[in-house]
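The values are calculated or read from the model by the stated rules, or taken from the named source; none is laboratory data. Since the structure is predicted, the reported quantities are computational estimates derived from the model, not experimental observations. Note that each Cβ is placed from the backbone with ideal geometry, even for glycine, and that neighbours are counted across all protein chains shown. What goes into the accessible areas is simple: the full protein's heavy atoms, side chains included, and nothing from ligands, DNA or RNA. Shrake-Rupley method; radii C 1.70, N 1.55, O 1.52, S 1.80 Å.
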Amino acid sequence: MDGKRLFFVAPVALLCCLMLLTGCRPSVEDARAPAFAYFQYSGGGVLDGGGWRDDFDAAALGERWAFPPTRPEHPWWSVAKGGLTLNSTAHTIREDAPSSLVGVKRQAGDFQAQTELRYQPRREGDVAGIVYYRDAAHNFVFGKAVDAGGAPVIVLDRAQATVKRLAEIKIDKGRQGKAVTLKVTGEGDAYSFHASFDGGGHWIAVVESVDAPADAAPAGGFAIPGFPPPPAPAPGAAPPVEEFVGLYTYANPAPVRDNPVPWEEGGFETRRYRNMFAEAGYPQAEIDKRLKGIFHEVFEGPDRVYFEVGEDMAYISDLKNHDVRTEGMSYGMMVAVQFDRRDVFDRLWRWSKKYMQHRDGPMKGYFAWSLKTDGTHNAEGPASDGELYYVTSLIFASNRWGDDGGIDYLKEARHILDCAFAKDGTGDIANFIDERRHLITFVPDGAGSGWTDPSYHIPAFYEVWARWADDGRADFWRECARATREYLHKSVDPVTALNPDQNNFDGSVMVRQMPSGATFRNETFRFDSWRVPMNIALDYSWCAADKDWQREYSGKFQDFLYLQGVRTFVDQFDMDGSAPQWILPAGGKAKLRHSVGLVGTAAAVSLASTRAKSYEFIDHFWETENVPYDDGYFDAYYDGLLRLFAFMHLSGNYRVIFPAE
């Protein structure tokens with residue numbers, strides 16, 4: 001062996017136990033018990049002249065072993081019969097919470113670590129192996145797991161702000177019951193990972209020479225009894241970062257459920273809607289109570305965003321931005337018609353018509369997208385998603401309540417559409433639907449009509465218009481539905497399924513020259529983008545016209561977020577899954593969060609899923625409340641409305657509203 005490396009071996013029987021969701025008590029009956037036959041570590045440090053082996057044949061772990069700061073408080077490890085047992089907690093290595101990790105502090109310089117693992121993971125999420133650990137956001141996990149189909153695999157995941165699976169190698173049937181030897185080699189900042197199924201006689205290169213997941217802070221030394229202390233950092237230098245190389249396990253604590261089976265037909269055909277909360281085992285009485293409670297929070301509670309004005313009007317306010325938006329007003333109308341709340345619907349529509357809708361001029365029929373709460377305009381131009389939701393909710397209102405109660409809902413919907421088709425470019429105002437491409441615009445005024453926003457694309461809404469708008473354009477609307485589905489195929493990343501918040505009509509990334517001369521590529525998944533998985537779920541639930549692609553999309557999208565952690569994924573990424581080049585602020589705060597709105601839409605797309613992991617998204621969404629974050633940030637408006645929509649979807653309460661019979 002190279003004398004500049006440390007080589008470190010230890011036999012370990014690592015019991016990863018199913019943890020109860022309510023605590024960290026291990027279950028000794030869990031059969032998912034990884035056993036490490038040895039663990040060996042070598043490198044150019046000062047430990048025992050460059051090599052060390054622990055066979056775990058003592059009564060306790062030796063003093064060389066260390067535990068990261070997140071170690072559990074309960075008795076989580078034991079040494080017996082020449083093996084180390086680790087009880088899996090309910091948390092992964094990527095959470096700032098107790099996880100099952102034991103290791104040695106790595107000193108600066110090259111190193112090599114190797115172990116032999118006997119382990120049969122049973123379900124997706126289970127893993128055991130070797131880790132390199134700096135913190136929850138910077139680590140490698142190299143070990144044995146199972147893929148989405150339940151097959152055993154060797155995996156390598158790297159966390160560097162976001163998590164990427166660098167390798168996933170299926171294990172042949174003849175090797176699935178055998179021990180696997182895992183080896184990690186670090187040479188400078190380059191790490192290599194190898195696996196062997198014959199005790200190291202033949203090595204399989206899993207990944208070679210990949211950069212370590214580290215930031216600018218240098219790796220530091222650590223104090224060892226009998227040796228000089230490590231040198232202090234130079235003045236002004238970043239403090240050294242503790243690094244660990246060791247053993248880790250996690251046993252997925254979620255209840256075991258069968259794979260969901262998406263329905264073959266949509267609500268237009270069956271007039272039936274899935275209740276995935278009930279499928280997941282939640283009592284119907286609790287589902288109904290929770291749905292009413294979320295509606296109450298948004299429309300009636302102390303943190304409501306709905307405010308009544310006078311005797312017959314109301315508005316919905318984006319509280320953090322201190323304005324009223326067509327987005328929120330039209331969303332509120334859709335919620336109201338779904339809940340059969342004509343009083344709320346009519347109030348919102350009267351405020352929209354009085355203060356937001358242009359009565360004449362080039363923008364006649366369109367709605368100013370942002371107003372102050374007193375009705376003063378912040379902007380004159382429309383945002384096309386407002387018109388999209390206004391038209392659909394008005395058609396549903398006509399179907400549900402008829403047009404003889406003081407508001408002719410269908411006439412109002414057709415007025416919006418007829419005004420849109422009357423636009424001839426005067427005042428640089430266009431149809432909010434690009435007539436040549438059959439796709440919705442970002443905005444129909446100025447240059448904004450030349451591109452689009454993926455979250456505005458809801459094919460099922462055009463199916464509603466084709467059936468009931470009664471405007472003589474049924475074939476046009478059906479073509480819009482078809483073109484929109486085709487556009488969505490082109491707008492998501494083929495691996496992560498992430499989409500940008502704006503792009504070109506052909507689905508390509510928007511590239512713009514900034515006034516500074518810099519080139520800007522809009523390829524970041526952020527706030528608007530969160531709505532796309534929910535919109536695809538809606539199209540599946542109502543139409544099931546693109547079910548093969550939508551099932552594939554659902555799997556890829558949830559696979560990506562699952563790798564980040566169901567309880568920890570953040571809300572902004574570049575489309576390739578890396579951290580965003582810059583963070584878009586919200587409410588004056590530029591910070592990545594585990595946002596309630598995205599938690600909801602990520603769960604909603606389970607309607608198209610064929611994978612059991614979808615229930616983990618549903619469980620987490622069920623548990624998620626919309627409350628202020630530790631730094632005081634709180635979004636009762638966007639997070640609140642998306643949470644309500646998602647709950648409606650998953651409880652079977654977001655439906656096509658047919659004309660009364």
Of all residues making up segment 612-661, the number that are without any contact (Cβ under 8 Å) to a residue 12 or more places away in the chain and more than 17 Å from Ser595 (Cβ to Cβ): 1
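One line per residue, one yes/no per condition, for (1) open to solvent by less than 60 Å² (accessible area, probe 1.4 Å); (2) over 28 Å from Ala460 (Cβ atoms):
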position	(1), (2)
Met363	yes, no
Phe367	yes, no
Thr373	no, yes
Leu388	yes, no
Ile395	yes, no
Ser398	yes, no
Arg414	no, no
Leu417	yes, no
Lys423	yes, no
Check on Glu95, farther than 27 Å from Gln176 by Cβ and in a loop (DSSP other than H, G, I, E, B): yes
Filter result (β-branched (Val, Ile, Thr), outside any loop (DSSP other than H, G, I, E, B) and over 17 Å from Arg359 (Cα atoms)) within segment 415-449: Ile433, Ile440
Qualifying position, being open to solvent by 10 Å² or more (accessible area, probe 1.4 Å), of a type outside the set (Lys, Arg) and over 27 Å from Phe645 (Cβ atoms), among Val492, Val511: Val511
Single residue of segment 179-191 satisfying the filter (of a type in the set (D, E, K, R) and surrounded by 15 or more Cβ atoms within 10 Å (Cβ to Cβ)) that is farthest from Ala37 (Cα to Cα): Glu187
Checklist (1) under 30 Å from Glu265 (Cβ atoms); (2) out of contact with any strand residue (DSSP E or B) (no Cβ under 7 Å at 6 or more places or on another chain); (3) surrounded by 18 or more Cβ atoms within 10 Å (Cβ to Cβ) applied to Tyr487, failing item: (2)
Some residue of segment 552-563 being without any contact (Cβ under 8 Å) to a residue 24 or more places away in the chain and open to solvent by 10 Å² or more (accessible area, probe 1.4 Å): yes
Sole residue being aliphatic (A, V, I, L, M), out of contact with any Cys (no Cβ under 9 Å at 6 or more places or on another chain), modelled with pLDDT of 90 or more and open to solvent by 80 Å² or more (accessible area, probe 1.4 Å), chosen from Val256, Val309, Val261, Val245: Val261
Test: Glu286 is assigned to a helix (DSSP H, G or I) and not hydrophobic (A, V, I, L, M, F, W, C): yes
Restricting segment 628-657 to residues that are of a type in the set (Phe, Trp, Tyr) and open to solvent by 10 Å² or more (accessible area, probe 1.4 Å), the residue that is farthest from Ser317 (Cα to Cα): Tyr629
Counted residues, segment 436-449 - those being touching a residue at least 40 places away in the same chain (Cβ under 8 Å) and open to solvent by 30 Å² or more (accessible area, probe 1.4 Å): 4
Residue check for Gln572: touching a residue at least 12 places away in the same chain (Cβ under 8 Å), more than 22 Å from Leu650 (Cβ to Cβ), touching a strand residue (DSSP E or B) at 6+ places or on another chain (Cβ under 9 Å) and open to solvent by less than 20 Å² (accessible area, probe 1.4 Å): yes
When residues of segment 92-113 are limited to those that are open to solvent by 40 Å² or more (accessible area, probe 1.4 Å) and out of contact with any Leu (no Cβ under 9 Å at 6 or more places or on another chain), the one farthest from Trp76 (Cα to Cα): Ala108
Residue match in segment 324-339 (condition: open to solvent by 10 Å² or more (accessible area, probe 1.4 Å), over 25 Å from Lys423 (Cβ atoms) and touching a Phe, Trp or Tyr at 6+ places or on another chain (Cβ under 8 Å)): yes
Flag if Pro240 is over 30 Å from Asp546 (Cβ atoms), open to solvent by 50 Å² or more (accessible area, probe 1.4 Å), modelled with pLDDT under 95 and in contact with a strand residue (DSSP E or B) (Cβ under 8 Å, 6 or more places away or on another chain): yes
First in segment 515-532 and in contact (Cβ under 8 Å) with a residue 12 or more places away in the chain, second anywhere and among the charged types (D, E, K, R) and open to solvent by 50 Å² or more (accessible area, probe 1.4 Å), Cβ under 9 Å, 6 or more apart: Arg521/Arg512; Asn522/Arg512; Glu523/Asp576
Selection from segment 169-182 of residues that are under 11 Å from Ala151 (Cα atoms), under 31 Å from the mean Cα position of the chain (by Cα) and not basic (Lys, Arg): Ile169, Ile171
Condition check for Trp465: free of Cβ contacts under 8 Å to residues at least 60 places away in the same chain and open to solvent by less than 40 Å² (accessible area, probe 1.4 Å): no
Residue pairs meeting the criteria (Cβ under 6 Å; at least 6 apart or on separate chains; first of a type in the set (Phe, Trp, Tyr), in segment 178-193; second in a strand (DSSP E or B)): Tyr191/Val210; Phe193/Phe142; Phe193/Leu156; Phe193/Val184; Phe193/Val206; Phe193/Val207
Test: residue in segment 70-92 that is closer than 27 Å to Ser192 by Cβ and at pLDDT 80 or above: yes
Only listed residue being in contact (Cβ under 8 Å) with a residue 60 or more places away in the chain, open to solvent by 60 Å² or more (accessible area, probe 1.4 Å) and under 25 Å from Thr496 (Cα atoms), chosen from Ala161, Ala136, Ala128, Ala148: Ala161
Any hit, segment 525-537, residues being open to solvent by less than 40 Å² (accessible area, probe 1.4 Å), at pLDDT 95 or above and assigned to a strand (DSSP E or B): yes
Residue that is touching a strand residue (DSSP E or B) at 6+ places or on another chain (Cβ under 7 Å), of a type in the set (A, V, I, L, M, F, W, C) and touching a residue at least 12 places away in the same chain (Cβ under 8 Å), where the choices are Ile433, Ile458: Ile433
